[in-house]
Amino acid sequence: MADKLLLVEDETTLRESLSRVFVRDGYEVDVSQDAESALKMLEERTYDLIITDIILPGITGIELLKKCREQNAEQLLIVMTAFASIETAVEALRGGAHDYIIKPVIHEEIKRIVRNALRERALRAENTILKKQIEELYDFNTIVGQSNAINALIHEVRKISDSKSNVLLLGETGTGKELFARSIHHSSSRRDAPFVPINCCAIPENLLESELFGYHRGAFTGAVTAKRGLFEEADGGTVFLDEIGDLSLALQAKLLRVMDDREIRPIGSIQSRKVDIRFITATNRDIHKAVKEGFFREDLFYRINVITIKLPPLRERKDDILPLARHFLDKYSHDIGKPVRFIDESVQKILLSYGWPGNVRELQNIIERAILIADSNFITQEHLPEGLMLSPSFLSESIEKALSIEEYTKEFIVNYQKRFNERKLAELLGITRKSLWEKRKRWGLPRP
């Protein structure tokens, strides 16, 4: 769709000339010779950009500009004048004009200014839409789960989201610590400022300090230009330090200083800079044990541990397994472009009985893999990894019952004969197919 321009100019020759130029470039152009008729046109339709002369019969271009901005604060305007002065330019820009053009108008110049203005407008609109989408993406209402554990967790996190206090997230790998960190940020008053995630394990120790604090030119070999650190980039927003338990003691001391003084000093600089940062940290380690053993500073622990949120592992929120599986089924079916819509009932039982050491991330990966190799609209047992098929509950029950080798083998065959063929059963038991046939015959276990 062509951008719509309104050209307000009392000089007929210039008005018609500019109109032809913009129409030739693909714009939809309306013209007016005075501000009064331009205002009437604005009552009937909207324009992407208004170009107006300042000196007009009746209402001036500056007054038109102000009236337009009163009606629509986002209205884009460019002003033109043959009587250039600093006062006029300042008044126009203060009134909300995007740019200021001095006559005589050069066609290529005004075309460039209009292109840039419309491009900036489109980028601002796109940025607004993206921010809205991100807010919706990380809204607490979009977190999948119906268990008491997850509902209690969301209720707790909502209460602390808009505080200035630091937050420590504890939980096993794959429980969703970064998801909750982002949700906390996007539910706080800092939502329009940066959210900067930093994985303390992913950046080599010798580079981590320069990444966090930045450096001045010449601070070390290879520092040919100055670089802003991630802490400075996050000013006004939130820093998420994942796996903080793996941070070296030397960097722990420097991080403590940032938290205490709210200042950073780039490498090679003698001046500190004030920063306003909220810290959300996370670890899957036993951080209390790390403090006792001297691997983590006690004073830093108390600084990050103002509010502690413990994320439960997936095995403790069984009610969320199937809703999460269906969520990932919908997501990856759409992303991959395969019409996989259902999870077989036997697969659902396996998912519910599995222990999920990798938590939600493991479930996500298993569903994605199953969709990739599925050749129908169902996920069946054959689409699951072998490790998932051997139910931990069966193994633990066998140990609790203190079954003999023969008793275990018999129960294994009964439990898994519908899931695997004879070859696979024999392979899993570590016996030959002939031996499996003999055992069936001896125990009276016919093939299903």
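The values are calculated or read from the model by the stated rules, or taken from the named source; none is laboratory data. If you're wondering where the values come from, they're calculated on a predicted model, not measured in any experiment. Reconstructed Cβ throughout: ideal geometry from the backbone, glycine too, with neighbour counts over all protein chains shown. Accessible surface areas use protein heavy atoms only, side chains included; no ligands, DNA or RNA. Shrake-Rupley method; radii C 1.70, N 1.55, O 1.52, S 1.80 Å.
For Ala82, the criteria (1) surrounded by 15 or more Cβ atoms within 10 Å (Cβ to Cβ); (2) at negative phi; (3) in contact with a strand residue (DSSP E or B) (Cβ under 8 Å, 6 or more places away or on another chain) hold in every case but one, which is (1). The set of residues from the stretch 306-320 being out of contact with any Ser or Thr (no Cβ under 9 Å at 6 or more places or on another chain) and open to solvent by less than 10 Å² (accessible area, probe 1.4 Å) comprises just one member, Ile309. For the stretch 75-125, the candidate set comprises residues that are among the hydroxyl-bearing types (Ser, Thr, Tyr) and over 19 Å from Leu18 (Cβ atoms); within that set, the residue that is modelled with the highest pLDDT is Thr88. The residue that is farthest from Ile287 (Cα to Cα), among those in the stretch 200-256 that are acidic (Asp, Glu) and touching a Gly at 6+ places or on another chain (Cβ under 7 Å), is Glu232. When Thr238 is tested against (1) touching a His at 6+ places or on another chain (Cβ under 7 Å); (2) open to solvent by 30 Å² or more (accessible area, probe 1.4 Å), exactly one condition is not met: (2).
Among the helices (runs of 4 or more DSSP H) contained in the stretch 397-448, which hold 3 or more residues that are out of contact with any strand residue (DSSP E or B) (no Cβ under 9 Å at 6 or more places or on another chain) and of a type in the set (Val, Ile, Thr)?
405-416
Residues being under 28 Å from the mean Cα position of the chain (by Cα), closer than 30 Å to Ile366 by Cα, part of a strand (DSSP E or B) and of a type outside the set (Phe, Trp, Tyr) are represented in the stretch 302-323 by at least one member.
Each row is one residue, and each column tells you yes or no for (1) touching a Phe, Trp or Tyr at 6+ places or on another chain (Cβ under 7 Å); (2) in a helix (DSSP H, G or I).
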position	(1), (2)
Leu256	no, yes
Asp260	no, yes
Ile270	no, no
Asp276	no, no
Ile280	yes, no
His288	no, yes
Val291	yes, yes
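Residues that are open to solvent by 30 Å² or more (accessible area, probe 1.4 Å) and of a type in the set (A, V, I, L, M, F, W, C) were ranked within the stretch 323-351; the one that is nearest to Leu179 (Cα to Cα) is Ile336. Note on the stretch 415-442: residues that are within 22 Å of Pro385 (Cβ to Cβ), open to solvent by less than 40 Å² (accessible area, probe 1.4 Å) and of a type in the set (D, E, K, R) amount to 2.
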